[in-house]
1. Quick check, is residue 82 on the phi < 0 side of the Ramachandran plot, among the β-branched types (Val, Ile, Thr) and under 16 Å from the mean Cα position of the chain (by Cα)?
2. (1) assigned to a helix (DSSP H, G or I); (2) over 25 Å from residue 243 (Cα atoms): which one isn't true of residue 350, the others all being true?
3. Please state which one of 145, 127, 168 is at pLDDT 95 or above and in contact with a Pro (Cβ under 6 Å, 6 or more places away or on another chain).
4. Is at least one residue of the stretch 401-409 surrounded by fewer than 22 Cβ atoms within 10 Å (Cβ to Cβ) and in contact with a His (Cβ under 7 Å, 6 or more places away or on another chain)?
5. From the residues in the stretch 166-175 that are surrounded by 23 or more Cβ atoms within 10 Å (Cβ to Cβ) and under 12 Å from the mean Cα position of the chain (by Cα), which one is nearest to residue 12 (Cα to Cα)?
6. Filtering the stretch 139-176 down to residues that are of a type in the set (A, V, I, L, M, F, W, C) and part of a helix (DSSP H, G or I), which residue is nearest to residue 91 (Cα to Cα)?
7. Please go through the stretch 324-352 and pick out each residue that is surrounded by 24 or more Cβ atoms within 10 Å (Cβ to Cβ) and basic (Lys, Arg).
8. Which of the residues spanning the stretch 361-391 are touching a helix residue (DSSP H, G or I) at 6+ places or on another chain (Cβ under 7 Å) and either of a type in the set (D, E, K, R) or not in a strand (DSSP E or B) (or both)?
Amino acid sequence: MERHVVVTGIGAVSPNGIGRETFWEATKAGKSGVRRIARFDPSEFVVQIAGQVPDEFDEKRYVEVKDRPHVSRAVPLAAASVAEAMADAGLDAGSMTRDELREIGVLVGSGGGSQDFTEEQYRLYYTGHLKQCSVYTIPTGTIGTLASEVSMRFGFRGLSHIVSTGCTSSTDAIGYAFRHIRMGMLDTMVAGGVDSPIAPLILRGFQLMRIMSTRWNHEPERASRPFSRDRDGFVLAEGAWFFVLEERERAKARGAHIYGEIVGYGSTCEAYHRVRLEECGEEPARAIGLALKEAGIAPSDVDYINYHGTSTELNDRIETRAVKLAFNGHAYRLPGSSLKSLIGHPQGACGAAGIAATLLAMRDGVAAPTLNIEEPDPDCDLDYIPGQCRKLDIEHAIANCIAFGSKNSALALRRG
């Protein structure tokens, strides 16, 4: 019997709102979470803004004060998101038996993992504060431990893995979780993405690449402008978005609310360049095509696309070209939006953010807007839902992602 994979829980800790519904209301309203960096003094930097989770986020609810110096900010962000997703799905890990916990796996997508934590250890060492360095510098700095932190907090005893493939990390993590359930390896997976890259050396490293927006320090909410001709780069961001994925019959049997079904996953590599995209757009288009093929749906069946939409000149132009290749003439009738215009670019967590927005759009019949499209770009001439949200009946959707290292991934979703 064919197994179906559904989403029964969503958790969100986003720059434009803490909690799933707060995030979604802000997203529908076109509320930006981009502001001046508060984590450290950015005055010496060319880029002084980022998509930051609001200050009221209380890390102490999710990591004890004594443990906080020994983990990265990604840990409380992920823990908060997973806790909300579990509660939303009607699952209580605290009341489960050990055997039941053995049947829940964890797949975390993260581009940088605990890179901010490692940077802080180097800062302490080189400023003469060796005694303040964490005894857990090595295990916490090892990216795989991030998944273990999630498993340890909730007691999950199934597989506990990290997927780190750059900006496609969380899309791939959810794709792998989908495959695990579909193949019958587990019935329940906690999967999603988290990144916490707002730190001085990370910011400086991206500045050296000259791919970040530098013109809008005085108006942060206008900085991320996907598909607008005057775009000048992406905005760094943090956040966590997690999901409970279940085998459909199991979810129905326990009366769980179903947001939607994951019906296809596709991933390709251009094998082209460390950071640049190949101009032709063929491999991102092929990733979308593979997701559609597995889903058994035609391009014309798709009602909405959540774009990667980074706000870099190269990505937006080539992603537009890829969508035209993947959808043929339907591309011009296909509405879509870029969540990064509202929250910035949370690196490896961005795919999960887009999937959350897409599932909630399916639920409510309202698609998120793309902000700041102020100057038409002849190379970006599709329907990006500019300015304000739009009522839209979405039966099938594609969530698209593109990453450094020539990677491309897409998930096909069906309304629950």
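1. Numbers: on the phi < 0 side of the Ramachandran plot: yes; among the β-branched types (Val, Ile, Thr): yes; under 16 Å from the mean Cα position of the chain (by Cα): yes.
So residue 82 fits the description; yes.
2. Here residue 350 clears every test but (2).
3. Working: 127 fails: in contact with a Pro (Cβ under 6 Å, 6 or more places away or on another chain); 168 fails: in contact with a Pro (Cβ under 6 Å, 6 or more places away or on another chain).
Exactly one of 145, 127, 168 is at pLDDT 95 or above and in contact with a Pro (Cβ under 6 Å, 6 or more places away or on another chain), namely 145.
4. Taking the stretch 401-409 as the starting set, the residues that turn out to be surrounded by fewer than 22 Cβ atoms within 10 Å (Cβ to Cβ) are 404-406.
With the extra rule that they be in contact with a His (Cβ under 7 Å, 6 or more places away or on another chain), the set shrinks to 406.
Scanning the stretch 401-409 turns up at least one residue that is surrounded by fewer than 22 Cβ atoms within 10 Å (Cβ to Cβ) and in contact with a His (Cβ under 7 Å, 6 or more places away or on another chain).
5. Of all residues in the stretch 166-175, those surrounded by 23 or more Cβ atoms within 10 Å (Cβ to Cβ) come to 167-175.
If we keep only those that are under 12 Å from the mean Cα position of the chain (by Cα) as well, we get 167-174.
Working: 167: 18, 168: 18, 169: 17, 170: 13, 171: 15, 172: 18, 173: 16, 174: 15 Å.
So the residue we want is 170.
6. Step one: of the stretch 139-176, the residues of a type in the set (A, V, I, L, M, F, W, C) are 143, 146-147, 150, 152, 154, 156, 159, 162-163, 167, 173-174.
With part of a helix (DSSP H, G or I) added as a condition, the list becomes 146-147, 150, 152, 154, 173-174.
Numbers: 146: 22, 147: 19, 150: 15, 152: 16, 154: 11, 173: 21, 174: 19 Å.
Among them, the one singled out is 154.
7. 340
8. The first filter runs over the stretch 361-391 and keeps only residues touching a helix residue (DSSP H, G or I) at 6+ places or on another chain (Cβ under 7 Å), leaving 366-368, 370-372, 379-380, 382, 389.
Residues satisfying the conditions are 368, 371, 372, 379, 382, 389.
The values are calculated or read from the model by the stated rules, or taken from the named source; none is laboratory data. Every value quoted in this text rests on a predicted model; they were computed, and no experiment measured them. Cβ coordinates were reconstructed from backbone atoms using ideal geometry, including for glycine residues, and neighbour counts include every protein chain displayed.
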